[in-house]
1. Counting Lys +1, Arg +1, Asp -1, Glu -1, what net charge surrounds residue A:224 among other residues with beta carbon under 15 Å of its beta carbon?
2. Take every DSSP beta bridge with both residues inside the range A:93-230 and express the antiparallel ones as a percent of the total, to the nearest 5.
3. Add +1 for every Lys or Arg and -1 for every Asp or Glu among the other residues with Cβ under 14 Å from the Cβ of residue A:170, and state the total.
4. Angle, helix B:213-233 long axis vs. longest principal axis of chain B, Cα atoms, 0 to 90°, nearest 10?
5. How far is the Cα center of the range B:163-219 from the Cα center of the range A:299-315, in Å?
6. Going by accessible area, probe 1.4 Å, with all protein chains left in place, what is the ranking of A:329, B:226, B:2, largest first?
7. Other chains' Cβ within 10 Å of A:10-16 residues: what's the mean?
8. Sum -39500 (n - 2.57) across every DSSP H segment of at least 4 residues in chain B, then divide by the residue count to get the 222 nm mean residue ellipticity, nearest 500.
2 protein chains.
Amino acid sequence: MSLSFDHVTLGQRVLFGTGAAAENLAAEVARLGASRVMVIASDFETPTAQAAAAGIEVALWHHDVVMHVPIETAEKARAAAAGHGIDLLVCVGGGSTTGLAKAIAMTSRLPIIAVPTTYAGSEATNVWGLTEASRKTTGVDDAVLPVTVIYDAALTLSLPVDMSVASGLNGMAHCIDSLWAPRADPINAALAAEGIRALSQGLPLIAADPSGAGGREQALYGAYLSAVAFASAGSGLHHKICHVLGGTFNLPHAQTHATVLPYVLAFNAPAAPDAEARIAAAFGAAGALTGLQELRKRLDAPKALSDYGFTADGIAEAVAVVLPAVPASNPRPVTTENLTALLRAALTGEDPRVLLDL
Amino acid sequence: MSLSFDHVTLGQRVLFGTGAAAENLAAEVARLGASRVMVIASDFETPTAQAAAAGIEVALWHHDVVMHVPIETAEKARAAAAGHGIDLLVCVGGGSTTGLAKAIAMTSRLPIIAVPTTYAGSEATNVWGLTEASRKTTGVDDAVLPVTVIYDAALTLSLPVDMSVASGLNGMAHCIDSLWAPRADPINAALAAEGIRALSQGLPLIAADPSGAGGREQALYGAYLSAVAFASAGSGLHHKICHVLGGTFNLPHAQTHATVLPYVLAFNAPAAPDAEARIAAAFGAAGALTGLQELRKRLDAPKALSDYGFTADGIAEAVAVVLPAVPASNPRPVTTENLTALLRAALTGEDPRVLLDL
């Protein structure tokens with residue numbers, strides 16, 4: 001098969017070290033020559049942010065962080081940055097905090113240093129999101145990509161095991177879905193495979209030893225790669241389904257991803273032998289689905305969409321909304337019939353292998 | 001083991017497609033909004049460059065390309081670019097041609113689009129090189145990194161099989177040596193592993209079917225990854241040895257790399273079980289050395305340094321020069337004794353396994 005692709009690698013510096021956030025942040029602020037730093041952290045994350053910022057001078061603390069970045073919240077933060085002559089943004093927190101820093105960078109072109117405390121992955125992408133009149137708009141702008149990401153697994157120790165697992169499986173979904181996404185190419189596939197390997201090793205370690213750094217490091221590293229691969233390859237079938245289940249049916253984000261993933265994998269794998277083999281190898285398992293299901297079992301992962309409020313009544317509508325959004329790159333043709341079967345199986349938590357020879 | 005690293009990802013666009021160079025170059029020149037393009041190509045590469053530039057307006061053709069980029073050659077090219085109000089550099093060729101474009105970008109900050117015709121890999125790095133009074137100086141500057149690389153395997157069809165093999169094994173050496181180089185990290189290791197896989201699949205295809213695109217594509221893709229991994233991880237033991245054999249003893253570059261590589265692998269592998277396993281998996285072989293040697297056998301690769309003018313008399317001097325340059329990151333402590341044994345084995349083409357339990 002002929003090799004043909006366009007791949008954009010986003011330039012970024014990653015400093016990875018447990019317990020080293022404060023030291024790495026101080027060195028990076030000095031390297032960038034910044035003197036008026038704005039640190040963004042929610043009230044909840046403020047103690048963590050204070051520890052991370054122990055070695056730098058902070059010109060402005062900003063705590064007004066709201067989920068999905070409402071435009072009013074963004075405008076206030078932009079005005080604060082402008083009013084204080086800020087020359088560098090530092091965000092310490094999860095996706096909403098990083099998102100707010102990006103909203104400021106969009107208009108000000110200020111550089112960002114991101115210090116993530118979850119597996120959201122926004123820090124590794126050039127995608128911004130804003131919510132106006134309860135509609136979320138997203139876009140792409142290289143100016144919102146953090147110049148530097150500082151990963152410190154010690155900052156994720158307070159993330160409870162069940163949230164770590166759900167968020168980690170969300171990262172796993174980024175990796176697996178990127179293999180048949182519209183801009184899938186060998187480079188983002190290699191990074192996705194490395195992400196699967198790291199997440200599959202890290203998540204069971206977190207479950208077994210929540211206060212140990214080893215599993216947290218692997219999961220954080222895997223989540224970073226999942227974001228790089230996903231931002232590069234785009235959304236595949238899995239994300240189209242989960243987007244509808246979340247948006248139209250209000251199902252919880254991470255749990256929906258964790259539940260649906262094995263069904264999409266079982267559905268696509270027979271038509272995507274290269275991806276199947278790559279996923280299997282990354283899990284160190286005989287097959288891709290076997291590897292994923294063994295991991296999910298060890299993690300006691302979510303099993304059925306019915307546990308999260310989805311019902312059989314919603315299937316027809318979900319299918320109707322998902323179908324036109326399915327990427328042309330999907331290895332298996334998606335029809336009303338087979339998508340209905342997929343959602344039926346995911347609803348009840350049936351063995352995904354029923355989809356293999358559908 | 002704790003995960004701790006600093007990784008710099010260089011931002012770059014890669015357009016990969018056989019027979020698509022002219023179309024991709026025209027689209028990229030338009031995207032960058034350039035109107036005064038300077039195309040750099042040696043006399044030998046000019047027909048290739050003309051074909052690649054078929055869809056763009058060229059303000060200036062520049063053919064004065066000299067190996068290792070002498071400073072006089074660079075100065076002339078810089079003056080030509082300035083004199084013609086150039087706003088974009090396009091280089092079509094191997095390492096010397098890319099190197100000349102970089103020399104212009106160093107001082108002018110002009111963007112570069114690189115269209116490589118060999119596996120040299122310079123197009124994927126921020127490293128420049130200049131030769132003044134027969135001394136080569138190299139340095140790092142992000143401004144010399146090409147904005148875009150256009151890979152077209154059709155442009156490499158004229159590279160003879162033996163040069164493709166030697167140059168491809170040089171790329172293989174970049175990948176393998178990066179696994180224990182000073183800045184080795186999990187990200188550049190994943191890219192190196194993907195490079196090993198692609199090169200090990202592509203090179204035998206080139207040997208079997210020199211006019212087919214399949215093997216050339218895999219080799220070109222693998223060579224790209226080898227350059228990314230090597231630029232990120234730095235020089236390991238293998239490159240330190242080959243640098244001395246080339247610089248002090250004037251041995252030919254690619255053949256020296258191809259010959260020495262199995263000896264360094266055999267030497268280091270027992271002390272680097274993770275790298276060993278990764279290399280083996282990338283080759284799809286039971287062991288790293290087995291995988292490399294099977295490939296070398298299929299390619300009839302160079303076997304003994306004695307075939308290239310090295311003699312036993314040179315070993316003591318080579319050891320003395322290499323020893324202080326060995327990176328601290330090398331997994332196995334290097335001594336006068338074991339380095340002498342390594343070079344003795346490489347001199348005569350002895351089975352590298354003698355080094356495994358040295």
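The values are calculated or read from the model by the stated rules, or taken from the named source; none is laboratory data. Please read these numbers as outputs of a predicted model, since none were measured by experiment. Backbone-built Cβ (ideal geometry, glycine too); neighbour counts: all protein chains shown. The protein model used for the area step is the full one, side chains on, heavy atoms only, and it has no ligands, DNA or RNA in it. Shrake-Rupley method; radii C 1.70, N 1.55, O 1.52, S 1.80 Å.
1. So the environment of residue A:224 carries a net charge of -3.
2. 65 percent
3. It works out to a net charge of -1.
4. Once rounded, one gets 80 degrees.
5. 45 Å
6. From most accessible down to least: B:2, A:329, B:226.
7. 6
8. After summing the helix terms and dividing by the residues of chain B, the value is -16000 deg cm²/dmol.
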